[in-house]
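Colleague: I have a structure I would like to understand better, so I am pasting it below and will then ask my questions one at a time.
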Amino acid sequence: MTEPEQTVEITSEAELRELLGPVAPAAAKKERQSLHEHHRQWIARSPLCLIGTSAADGSCDVSPKGDPPGFVKVLDDTTLVIPDRPGNRRADSYRNILANPRVGLLFLVPGRGDTLRVNGRARLLRDAPFFDGMTVKGHRPAIALLVETEQIYFHCSRAFLRSGLWQTHTWDPDAAPSRASISKSLEKPEKSLEELERYYGPQYGQNDLYA
């Protein structure tokens, strides 16, 4: 990668703090190790969780997990579990966890700018008594991610306010290439664009998402 001549890198935490300033006392004190009732309520209303992982060599992945609100189950004050659902079977985050159990979770609630961050250690389970309680539309998960919490805190809404993410008047989904065009160019060049447009058309979201 060719960098501009004026590129100046930050190489130490002291230099970083010189630019950002000290951590605000309230921000430093807000993290907890165990789940408060407010954390439990947020997780119960969240239909989307982003899971950040890294492999033994440091390579990283962030994967979204989505289901009806409450799909992530809180087992106790320091343990929660996320069911797996059918997908592309790459299992990037799961393979990372087998090598490095550290995970970072970000829980979103539609319309809210604040988010809930949970960091901890994860394990992959192939069965447990609580799997039955995570069945959706007849699909019992084959895998679940159990996370033991170490750091929990709410994150402010500034990023969402700056981005205007939930402001529908700013939405322009057609500004980016269509899913069919992306698939044709990068994933399934042997398929015609017409075939892919039918596949990713209105019926795509009506297919059995749990099969």
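Colleague: What is the Cα convex hull volume of segment 20-94 when expressed per residue in Å³? Before the final figure, lay out each step's value.
Modeller: Values: hull volume 11.0 nm³, N = 75.
Hull volume normalised by residue count: 147 Å³.
Colleague: Starting from 0 in steps of 5 Å, tell me what percent of the Cα-Cα pairs of segment 1-134 lands in each bin.
Modeller: Using 5 Å bins, I get a P(r) of 2, 8, 15, 17, 18, 14, 11, 7, 5, 3, 1, 0 for segment 1-134.
Colleague: For the chain, which whole-number percentage of the solvent-accessible area (1.4 Å probe, protein heavy atoms only) is attributable to carbon and sulfur atoms? Mind showing how you got there, number by number?
Modeller: Values: 7470 of 14110 Å².
The computed percentage sits at 53.
Colleague: On average, how much accessible surface per residue is there in the chain, in Å², for a 1.4 Å probe, leaving out ligands, DNA and RNA?
Modeller: With the other protein chains kept in place, the chain gives 67 Å² per residue.
Colleague: Where the only charges are on Cβ atoms (+1 Lys, Arg; -1 Asp, Glu), what is the dipole of the chain about its Cα centre, to the nearest 20 debye? Numbers along the way, then the final one.
Modeller: Working: 27 positive and 28 negative charges, 154 e Å.
Dipole size: approximately 740 debye.
Colleague: Run the simple label-point estimate for GLU31 and LEU48 please: 7 Å along Cα→C-beta, distance reported in nm.
Modeller: Placing both labels 7 Å beyond Cα along the Cβ direction yields 2.5 nm.
Colleague: Something else about it: With the dipole of segment 17-119 worked out from charges on the C-beta (+1 for Lys and Arg, -1 for Asp and Glu) around the Cα centre, which of LEU48, ASN96, VAL81 lies farthest toward the positive end?
Modeller: Result: LEU48.
Colleague: With a cut-off of 8 Å between alpha carbons and a minimum separation of six or more residues, what is the relative contact order of segment 113-187 in percent? Don't skip to the answer; put the middle values down first.
Modeller: Details: 74 pairs, mean separation 28.0, N = 75.
Here the relative contact order equals 37 percent.
Colleague: Would you compute, from DSSP H runs of 4+ residues alone, the mean residue ellipticity of the chain at 222 nm, taking -39500 (n - 2.57) per run and dividing by the full residue count, rounded to the nearest 500?
Modeller: Details: 7 runs with 51 residues, N = 211.
After summing the helix terms and dividing by residue count, I get -6000 deg cm²/dmol.
The values are calculated or read from the model by the stated rules, or taken from the named source; none is laboratory data. Since the structure is predicted, the reported quantities are computational estimates derived from the model, not experimental observations. Methodologically, a virtual Cβ is constructed for each residue, glycine included, from the backbone with ideal geometry; neighbour enumeration extends over all protein chains shown. Each accessible area value is taken on the protein alone, full model and side chains, heavy atoms only, with ligands, DNA and RNA left out. Shrake-Rupley method; radii C 1.70, N 1.55, O 1.52, S 1.80 Å.
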